[in-house]
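**Student:** My questions will all concern the structure given below.
The values are calculated or read from the model by the stated rules, or taken from the named source; none is laboratory data. Computed from a predicted model, the values in this text were never measured in an experiment. All Cβ positions, even for glycine, are placed from backbone atoms using ideal geometry, and neighbour counts span all protein chains on display. The protein model used for the area step is the full one, side chains on, heavy atoms only, and it has no ligands, DNA or RNA in it. Shrake-Rupley method; radii C 1.70, N 1.55, O 1.52, S 1.80 Å.
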Amino acid sequence: MTYLRTNKHIPERSCCVCRVRTDKRKLIRLVRSPEGIAVIDIAGKLPGRGTYICPDDECITRAEKSGALKRALGASVQPELWPSLREYAGGLTVDAGMKIRSILGLSRKSGALLVGAENIERCRHAVIVLFASDCSERVKDFAMTHDHVALGMNVEELSRTVGSRGGVQVVGLPVTTGFAKKLKRLEITERGSAFEH
Ligand SMILES: [Zn+2]
């Protein structure tokens with residue numbers, strides 16, 4: 001799947017578990033502290049040997065089971081690191097969901113939000129298309145022809161978010177609106193985490 005396009009050059013790093021290479025801001029950095037312990041580098045500026053991991057439960061659980069972090073850092077991993085790492089990763093994801101919900105709710109109220117593929121197609125401007133996790137293949141194919149975002153919410157949640165009784169699979173924001181610009185500032189990762197910049 002592809003996500004919001006960006007022209008800026010951003011340094012890339014690999015997750016120490018799944019090896020996916022991506023914008024380093026979409027990964028969590030960990031470093032080996034001077035005491036030889038693995039710590040989360042929240043500001044991304046701590047010195048020392050570092051490694052990166054995806055901010056999602058799949059990679060964190062695999063790291064915990066496989067010892068990948070320990071190997072990547074040559075550091076000892078305290079048991080309390082795992083809940084902290086999950087909490088930190090979860091915060092990033094929840095935050096992204098809330099921001100997207102707020103953008104959708106406000107744009108709906110202001111009349112800027114295009115609800116449904118027909119309204120998106122009728123728009124004369126370029127549109128960022130956002131689709132529900134359980135939308136039809138046809139809607140997904142339609143979304144792929146635009147700048148698009150795979151939402152971490154299903155049809156029911158999307159419908160509720162935009163104040164509809166149900167059945168909303170896809171919505172769109174014309175790129176000319178402030179809401180689209182706000183959305184573009186969120187870097188949304190493949191698994192629904194987002195970083196604002
Ligand atoms: Zn990963």
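**Student:** Shape verdict for segment 98-196, please, from the Cα gyration tensor: rounded (a/c under 1.5), prolate (a/b greater than b/c) or oblate.
**Tutor:** rounded
**Student:** Efficiency by 1/(1 + (r/R0)^6): what FRET value for S110 and D57, r their Cβ-Cβ distance, R0 = 35 Å, to the nearest 0.05?
**Tutor:** E between S110 and D57, to the nearest 0.05, is 0.50.
**Student:** Solvent-accessible area per residue for the chain at a 1.4 Å probe radius, Å²?
**Tutor:** Accessible area per residue, the chain: 55 Å².
**Student:** Rounded, prolate or oblate: which one fits segment 12-88, using the alpha carbon gyration tensor with axes a ≥ b ≥ c (rounded when a/c is under 1.5, else prolate when a/b beats b/c, else oblate)?
**Tutor:** Rounded.
**Student:** Okay, next question. With label points built 7 Å along Cα→Cβ from the Cα atoms of C123 and R165, find their separation and express it in nm.
**Tutor:** 2.5 nm
**Student:** While we're on this one: Just how large is the dipole of the chain about the Cα centre, in debye to the nearest 20, putting +1 at every Lys and Arg Cβ and -1 at every Asp and Glu Cβ?
**Tutor:** Using Cβ point charges on Lys, Arg, Asp and Glu, the chain gives about 580 debye.
**Student:** For segment 53-62, what does the Karplus curve 6.51 cos²θ - 1.76 cosθ + 1.60, with θ = phi - 60°, yield as ³J(HN,Hα) per residue in whole Hz, taken in order and with x for Gly and Pro?
**Tutor:** For segment 53-62, the Karplus curve yields 9, 5, x, 9, 4, 4, 6, 5, 5, 5 Hz.
**Student:** Continuing with this model, one more query. State the antiparallel share, in %, of DSSP beta bridges confined to the chain, rounding to the nearest 5.
**Tutor:** Just about 75 percent of them are antiparallel.
**Student:** Cα axis of helix 81-109 to longest principal axis of the chain: angle in degrees, 0 to 90, nearest 10?
**Tutor:** Taking Cα atoms only, the helix is inclined about 10 degrees.
**Student:** Can you list residues from other chains, or at least 5 along the same chain, whose modelled amide H is less than 5 Å from the amide H of V175?
**Tutor:** Here A126, V127, I128 satisfy the definition.
**Student:** Whole Å is fine, so just give me how far the alpha carbon centre of segment 46-83 lies from that of segment 130-151.
**Tutor:** Going from one Cα centre to the other spans 33 Å.
**Student:** Could you state the principal axis extents of the C-alpha atoms in the chain, from the largest down, to the nearest angstrom?
**Tutor:** Principal-axis extents of the chain (Cα, largest first): 59, 32, 27 Å.
**Student:** So, R0 is 45 Å and r is the distance between the beta-carbons of T145 and S76; what FRET efficiency does that work out to, to 0.05?
**Tutor:** 0.35
**Student:** While we're here: What ³J(HN,Hα) values, in whole Hz, does the Karplus curve 6.51 cos²θ - 1.76 cosθ + 1.60 give for segment 143-154 when θ = phi - 60°, with x put for Gly and Pro?
**Tutor:** Listing the rounded values in order: 4, 5, 7, 10, 4, 9, 10, 7, 6, x, 9, 8 Hz.
**Student:** Counting alpha carbon pairs within less than 8 Å and at least 6 residues apart, what relative contact order, in whole percent, applies to the chain?
**Tutor:** In percent, rounded to a whole number, it is 21.
**Student:** Would you kindly derive the ³J(HN,Hα) couplings of segment 115-121 from the backbone phi angles with the Karplus curve 6.51 cos²θ - 1.76 cosθ + 1.60 (θ = phi - 60°), listing them in order in whole Hz, with x for Gly and Pro?
**Tutor:** 9, x, 4, 4, 5, 5, 5
**Student:** Then there's this: Enumerate the amide H contacts of G48 below 5 Å, restricted to partners 5 or more residues apart or on another chain; note that Pro and chain-start residues carry no placed amide H.
**Tutor:** Residues meeting the amide H criterion: none.
**Student:** Now for a different question. Please sort by residue number the trypsin sites (Lys or Arg not before Pro) in segment 27-118 whose DSSP state is loop and whose Cβ has at most 15 other Cβ atoms within 10 Å.
**Tutor:** Of the trypsin sites (Lys or Arg not before Pro), the ones in loops of segment 27-118 whose Cβ has at most 15 other Cβ atoms within 10 Å are K45, R49.
**Student:** Probe radius 1.4 Å, ligands and nucleic acids ignored: give me the carbon and sulfur share of the accessible area of segment 98-196 as a rounded percent.
**Tutor:** 48 percent
**Student:** Could you size up the charge dipole of segment 98-196 around its Cα centre, putting +1 on the beta carbon of Lys and Arg and -1 on that of Asp and Glu, and report it in debye to the nearest 20?
**Tutor:** 460 debye
**Student:** Ranked from highest to lowest mean number of other Cβ atoms within 10 Å per residue, what is the order of the peptides 119-126, 140-147?
**Tutor:** Order by mean packing, descending: 140-147, 119-126.
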